[in-house]
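Here's the structure we're looking at; comments come further down.
The values are calculated or read from the model by the stated rules, or taken from the named source; none is laboratory data. Model, not experiment: these values are computed from the prediction. A quick note on method: Cβ atoms are made from the backbone with ideal geometry, for glycine too, and the neighbour counts reach across all protein chains shown. What goes into the accessible areas is simple: the full protein's heavy atoms, side chains included, and nothing from ligands, DNA or RNA. Shrake-Rupley method; radii C 1.70, N 1.55, O 1.52, S 1.80 Å.
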Amino acid sequence: MSPSISSNFYAYLSRLRWIKRWGLKRNAYEENVMEHSWEVAVIAHTLALIKNRYFEGEVDANAVATAALYHDITEVITGDMPTPIKYHSSAILGAYKKIEQQAEQELLNLLPEALQADFRALIDHQQMSEAHQKIIKAADKISAYLKCQAELKAGNAEFEIAAEQLERDIEAMDQPEVRFFMLSFAPNCGLTLDDLMKKR
């Protein structure tokens, strides 16, 4: 049976590759929202598994990973607002949150009606469980931290303050799976290919 509904949903998603992150900073290498979303998804998946295997968690790691893939989907409409601007004032943050919510609904409306309920749990942050949101937020911070570390290693001092703030934010998280990840995985992300081969 051929589909009778035409949808622009994935046409919009494909444009996430053109949304640049860290727009107000000089970057040694560019990062787009599509690749960032993949990194957040794999980190979130790992955090969920660590929580389950080491800290008696009962989190659906696959559901977390899937939701993380969509965590910045609204930026195809809003663009990526730099964190210092977004959190500059409560008025800006409140306005941006409202715009995000509207963008979530706009994207959901692009889907065939029979699929909207399935995607609502992934796209509408208000429908997502607190446990999943907490892990995805931690993964998002870790991804940003790793980006900052890569920029600093490339000699780009533009990311010094952001790296320090993200490190404080991550350390302040009361999530043992985050500490586990930062001790076990994060340090090796700065290794060169030759160093990685030596550590096999």
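Details
- The residue pairs whose first member lies in the stretch 96-120 and is over 14 Å from ASP72 (Cβ atoms), whose second member is open to solvent by 70 Å² or more (accessible area, probe 1.4 Å), and whose beta carbons are closer than 7 Å, counting only pairs six or more residues apart or on different chains, are GLU106/ILE77; LEU110/ASN8; LEU110/TYR12; PRO112/ILE5; ARG120/GLN127.
- Matching option when the condition is under 17 Å from ALA139 (Cα atoms) and either at pLDDT below 95 or out of contact with any Cys (no Cβ under 8 Å at 6 or more places or on another chain) (or both), among ARG53, ARG26, ARG21, ARG15: ARG21
- Enumeration of residues in the stretch 20-44 that are open to solvent by 30 Å² or more (accessible area, probe 1.4 Å) and either farther than 21 Å from ALA154 by Cα or free of Cβ contacts under 8 Å to residues at least 24 places away in the same chain (or both): GLU30, MET34, GLU35, TRP38, VAL42
- Within the stretch 48-71, the only residue that satisfies the criterion of being without any contact (Cβ under 8 Å) to a residue 60 or more places away in the chain, crowded, with 16+ Cβ neighbours inside 10 Å and assigned to a loop (DSSP other than H, G, I, E, B) is TYR70.
- Of all residues making up the stretch 129-159, the number that are open to solvent by 20 Å² or more (accessible area, probe 1.4 Å) and either closer than 18 Å to ALA48 by Cβ or in contact (Cβ under 8 Å) with a residue 12 or more places away in the chain (or both): 17
- Look at (1) over 16 Å from the mean Cα position of the chain (by Cα); (2) closer than 27 Å to GLN149 by Cβ; (3) surrounded by 13 or more Cβ atoms within 10 Å (Cβ to Cβ) and you find that GLU75 fails only one, number (1).
- Candidates in the stretch 1-19 are the residues that are open to solvent by 60 Å² or more (accessible area, probe 1.4 Å) and not hydroxyl-bearing (Ser, Thr, Tyr); of these, the one that is nearest to the chain's Cα centre (by Cα) is ARG17.
- Taken over the stretch 160-186, the criterion of being surrounded by 11 or more Cβ atoms within 10 Å (Cβ to Cβ), without any contact (Cβ under 8 Å) to a residue 12 or more places away in the chain and among the aliphatic types (A, V, I, L, M) is satisfied by ILE161 alone.
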